[in-house]
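Below is one structure; the comments refer to it alone.
The values are calculated or read from the model by the stated rules, or taken from the named source; none is laboratory data. Computed from a predicted structure; not experimentally measured. Using ideal geometry, Cβ is built from the backbone for each residue, glycine included, and neighbour counts are taken over all protein chains shown.
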Amino acid sequence: MSSGTSSARETYVFGKYEILDTAGSGGMGVVYRAVDRALGRTVALKVLRDDLRNQPHLVARFQREAKAFAALDHPNIVRIYSVGLIGRIPYIAMEHIPGEPLSEILLDRGPISWGEALMMGAEVADALACAHDSGIIHRDIKPGNILIDSEGHAHVTDFGIAKILSETTQLTVDGARLGTPQYLCPERCQNKEITPSSDIYSLGVVLFQCISGRLPYESASTADLIQRIAAEPPARLRQFVPDVPDAVERLIAHMIEKKPADRPKDARTLRMLIDRVRDGKPLDEHAEEMAAALASFRKSLPSTPAHGVRPDATTEKVPRLGKGGKQIWAWRQSHFIALAFVLVTAAVLVCGGLVYSSFMEKWMLKTGFDVTRLDTSPEQHLDRWTSVQPVAVFSEETPGVYLARLNLKEFTIGGIHWARTSGEVVVGLQGVSGSSREGQYSVCRVDVEKQEGAVLLSPTFSLISVSGTVAANSGIPRYLMQTEHGLMLGSLSPLEKMRVPALEHAVSVVGIQGDGSGIAYARQEGRGWSIVERSLADASERILAANLQERVDSMVYSMDGNRLVWICRGNEKTSTLWMLERNSTGPASILAEGNLSFSSGAFHPDGQSLVIESEGVLQQIQASNGQLMREFGRGRSAAWHPSGKYVVTVSEDRAGRAQLWTVPLESQDPPVQLTYLGSGTTGNIEISPRGDYAMSIEAQGAALVVVRLAH
C-alpha cells in the first residue's frame, strides 16, 4: 500500500511489508498477515483505522502505548516487533500466531470441556500476571483477543487497545460506542476505576462461556445488558451445565463477583486456584478439615423450607471463598428445590399441551396468528435459542467495508431489507441444505451503527420470506413477511409478542410504498393474477391490474409512490416490464421485454427513471416510456443512492467475482470498486434510507457485507 492510500489490499505492498491477506480486525483497525521482506518473517500487521488517523493525539498515544506493550515478554503474550508510521499511516508489526481466535473456535465447536477451558484460563492468567507486574491492564479480555495456536496454547493480544480508545470513546449509557459489552466488569459499566481485577472478571466470563455456551448476563439490548452487569447477580454455571464439578462453578463465581475485592486478589492467585481445581483438589485449601462440620450442618437443615422456595433463590449471591467457609454450600439447596419444582411443573404442562396445542393452532389461524409460534420447532422460546455469542460479529475487511457474520449455525442469509431507521437491517435466514436446520427459517435484526444484532423470530418449520419493512400506526416498526399462512407483520422488537391476522393469502410477490404506509402484491385469482394495493392504515384495497396471465416476479414503487413497476415472467429467458401510473386512470403499459430484473432501489429518487438489468447489462431507462437513457456496463443488479448522483452496482471484478462498485451518473469518472472480497458477493444490493450504507450478502451466504458510502 503506497503512502496515502486507504487499503493495504490495493497494491499489496506497505513499506517493507508485503501484504498476504486480511487476518481480521479490531477496535483500532485492520490486521493483515504480511511478510517483513527485510527479515523474511511472517508478521501480523495492524493498521490504524481511517477515522482514527486524523486525530494526532490518538496517533501519538497509539505509538506510545504500543511501545510500552512491546516490553512485555511472555510466551502467552503476542509479541510486538515494531511500531511506526509508513507515510501517514500508523502501524504495529506483531508476532504472527498460526491458529484461530478463541471466538472462532467457540463458534465452530460450541462449548468446550471444563478441563480444556481451565487449561486455557491458566495460560491467560499467566499472561495477565506478567502484564499486571508491569502496570499494564488489558481492559478487553474476550474470546476474540485470545489466540489458540496449533498446539492448543493460548496467546493474549491487543493489550491496552481499550485504554487507547477510551480517550475518545468513553462508555455511554446506551452502549452505542461500545458495541456489545458481554465481557465488561461491573466497575467499567459504572465508569469506575479499572484495576487488574477487572481483567480477572472478564476472564471469568470467558471461562463461563467456554464451558456453558452461555453468558452470565444476556440481553437483546446493550443498554439493558450494561445495567444488568452493574446491578444484578450473575447466572450460575450449573444453571446451564448441571454436571460441572462444584469446584469449577465456585471458581468462576469467585472470578465474576460484583466487587473487585471479592475476586481472586491477583492473577497469580488465580493461577494457583485454577491449578487446584484441575488437580481435583477443593478450591479452599482448608475445605478438607471442614468437611465433617459441613456434613453435620447439612443434615441439620429442614428437608423442605417452611414457606417454600425463596423467589430469589436462583440468583442468591454465592458466599465469598475463604473465611466464610461455613456458608459455602448453603446456596446450593435453593437450586435443588427450584429444580424439583420446575420438573413437576414441566411434566404437567407437557401432558396438557398435547391436547391443547392442536386446538390453539386452529383458533389462532381464525382469530389472529402469533408470529412467535409459526410452527412447532425445536426452539419455541427465543431466549433459549439465541446464541450467547453476539448475534452479529463485525470485522473490518478493508477501511469502510465490514463483514457482519451471524452466529446462527447452519443458517444462511436469504434476504436483507433496511428498516425505516437508517442503521437497522432485517435479515431473513434459512437452514442450510443437508444440515440439521434444513427446512427451518428464522429472522434477525442487525444494527450496523451499534454493530449488534438480535433474533426476532426463533427457528420455525414454516416457510418465511421477508419482503421489507413498513410503517405502523402503533409507532412500533414492523417487517413484512410471507409465510405459508399468508402475508403477515412481525416486530422489530425482539421482546414484543404480537398476534395479528394474516393480511392476505396466496401472494407471490410484494412491493412496499416509499413511506411504508401501503403495499402492493400479486394475488392469484383463478388461473390469472391481479395486482392489489392495500393501505396499512385502514386495510382498504383496490385492484390496480387484473387478468395477468403470467406470474409476477418482482415489484417496486417509486419513492414518491406515484409509479409502480413489476415484471411478469413467462419463462427463464422471457419477461415483460410493466409500469402503472397510480394517479392515472389509464392501464399499465409495457416498458421493456427480454431477460430482465431489478432491485428494490431501481427507481431514481425523482421517480422519472429506473435502472434495470437486461441480458447482463445495467441500463437506465425512462419510467414513462422505457426509452434507453444510458448504460452502466455489465452487472447483476444496481440501486440508486438517495442523492441521485450515482448508482451502486453488483458487477464482476477481473477475477470474475461479484463486487460492489459505484458508478457516477453525470461525470466521466470511471466506476470505483468498493469491495475486494475473496468470495465476492451475491446479486443482492440494498442502500440505507439516508444513503450512508450499502449492503449485500457474502457469496457464501454467511455474512452481511456493509459498505460506508460517501454522500
Scanning region 476-499 residue by residue, those surrounded by fewer than 17 Cβ atoms within 10 Å (Cβ to Cβ) and either modelled with pLDDT of 80 or more or β-branched (Val, Ile, Thr) (or both) turn out to be Ile476
In region 101-118, which residues are surrounded by fewer than 17 Cβ atoms within 10 Å (Cβ to Cβ) and touching a helix residue (DSSP H, G or I) at 6+ places or on another chain (Cβ under 8 Å)?
Ser113, Gly115, Glu116
Scanning region 138-152 for residues that are assigned to a loop (DSSP other than H, G, I, E, B) and under 28 Å from the mean Cα position of the chain (by Cα), which turns out surrounded by the fewest Cβ atoms within 10 Å (Cβ to Cβ)?
Ser150
Single condition Pro670 does not satisfy, out of (1) without any contact (Cβ under 8 Å) to a residue 12 or more places away in the chain; (2) under 28 Å from Leu408 (Cα atoms):
(2)
Considering only region 222-230, I want to know if a residue exists there that is assigned to a loop (DSSP other than H, G, I, E, B) and either under 26 Å from Val391 (Cα atoms) or not assigned by TED's automatic domain parsing to the domain that holds Leu128 (or both).
no
Hey, can you tell me all the residues within region 104-122 that are part of a helix (DSSP H, G or I) and either not small (Gly, Ala, Ser) or not assigned by TED's automatic domain parsing to the domain that holds Phe208 (or both)?
Glu104, Ile105, Leu106, Leu107, Asp108, Arg109, Trp114, Glu116, Leu118, Met119, Met120
Output for Cβ contacts, cut-off 7 Å, separation at least six or different chains, first residue assigned by TED's automatic domain parsing to the domain that holds Arg188 in region 198-216, second of a type in the set (S, T, N, Q), reads Val205/Gln182; Leu215/Gln182; Leu215/Gln209
Among the residues of region 624-666, count how many are of a type in the set (Gly, Ala, Ser), in a loop (DSSP other than H, G, I, E, B) and either within 18 Å of Val707 (Cβ to Cβ) or within 32 Å of the chain's Cα centre (by Cα) (or both).
5
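For (1) at pLDDT 85 or above; (2) under 28 Å from Ile512 (Cβ atoms); (3) among the hydrophobic types (A, V, I, L, M, F, W, C), each residue gets a yes or a no:
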| residue | (1), (2), (3) |
| --- | --- |
| Pro390 | no, no, no |
| Val425 | yes, yes, yes |
| Ser436 | no, no, no |
| Gln440 | yes, yes, no |
| Val443 | yes, yes, yes |
| Ser458 | no, yes, no |
| Ile464 | no, yes, yes |
What about Asp312, is it at pLDDT 90 or above, surrounded by fewer than 19 Cβ atoms within 10 Å (Cβ to Cβ) and either among the acidic types (Asp, Glu) or under 28 Å from Pro111 (Cβ atoms) (or both)?
no
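Going by the conditions given, is Leu591 over 24 Å from Thr682 (Cα atoms) and either in the same structural domain as Ala522 (by TED's automatic domain parsing) or free of Cβ contacts under 8 Å to residues at least 60 places away in the same chain (or both)?
Details: over 24 Å from Thr682 (Cα atoms): yes; either in the same structural domain as Ala522 (by TED's automatic domain parsing) or free of Cβ contacts under 8 Å to residues at least 60 places away in the same chain (or both): yes.
So Leu591 passes the test.
Give the number of residues within region 547-604 that are part of a loop (DSSP other than H, G, I, E, B) and among the aliphatic types (A, V, I, L, M).
We begin by selecting, within region 547-604, every residue part of a loop (DSSP other than H, G, I, E, B); these are 549-550, 558-562, 570-574, 582-588, 595, 598-602, 604.
So of that shortlist, the ones also among the aliphatic types (A, V, I, L, M) come out as 559, 588, 602.
Of the residues in that region, 3 qualify.
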Which one is nearest to His132 (Cα to Cα), of the residues in region 87-100 that are surrounded by fewer than 16 Cβ atoms within 10 Å (Cβ to Cβ) and not charged (D, E, K, R)?
Pro98
Please specify each residue of region 231-253 satisfying the condition of being part of a helix (DSSP H, G or I), farther than 21 Å from Thr269 by Cα and touching a residue at least 60 places away in the same chain (Cβ under 8 Å).
Arg238, Gln239
From the set of residues in region 46-67 that are out of contact with any strand residue (DSSP E or B) (no Cβ under 6 Å at 6 or more places or on another chain) and either surrounded by 15 or more Cβ atoms within 10 Å (Cβ to Cβ) or assigned by TED's automatic domain parsing to the domain that holds Ala122 (or both), which is nearest to Ile137 (Cα to Cα)?
Glu65
For region 635-665, enumerate the residues that are aliphatic (A, V, I, L, M) and without any contact (Cβ under 8 Å) to a residue 12 or more places away in the chain.
Ala655
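Among the residues of region 133-147, is there at least one that is over 14 Å from Val78 (Cα atoms), without any contact (Cβ under 8 Å) to a residue 24 or more places away in the chain and in the same structural domain as Pro264 (by TED's automatic domain parsing)?
Yes: region 133-147 contains one or more residues that are over 14 Å from Val78 (Cα atoms), without any contact (Cβ under 8 Å) to a residue 24 or more places away in the chain and in the same structural domain as Pro264 (by TED's automatic domain parsing).
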Exactly one of Leu618, Leu564, Leu548, Leu580 is at pLDDT 90 or above and surrounded by fewer than 21 Cβ atoms within 10 Å (Cβ to Cβ), and that residue is Leu580
Any residue that is assigned by TED's automatic domain parsing to the domain that holds Ser134, under 27 Å from the mean Cα position of the chain (by Cα), assigned to a helix (DSSP H, G or I) and not hydrophobic (A, V, I, L, M, F, W, C) - is there at least one of those in region 270-277?
no
Taking strands (runs of 3 or more DSSP E) that fall entirely within region 500-543, which contain at least 1 residues that are surrounded by 18 or more Cβ atoms within 10 Å (Cβ to Cβ) and modelled with pLDDT under 80?
507-512
Of the conditions (1) at pLDDT below 90; (2) over 24 Å from the mean Cα position of the chain (by Cα); (3) closer than 26 Å to Lys67 by Cβ; (4) not aromatic (Phe, Trp, Tyr), Asp158 fails just one. Which one is it?
(2)
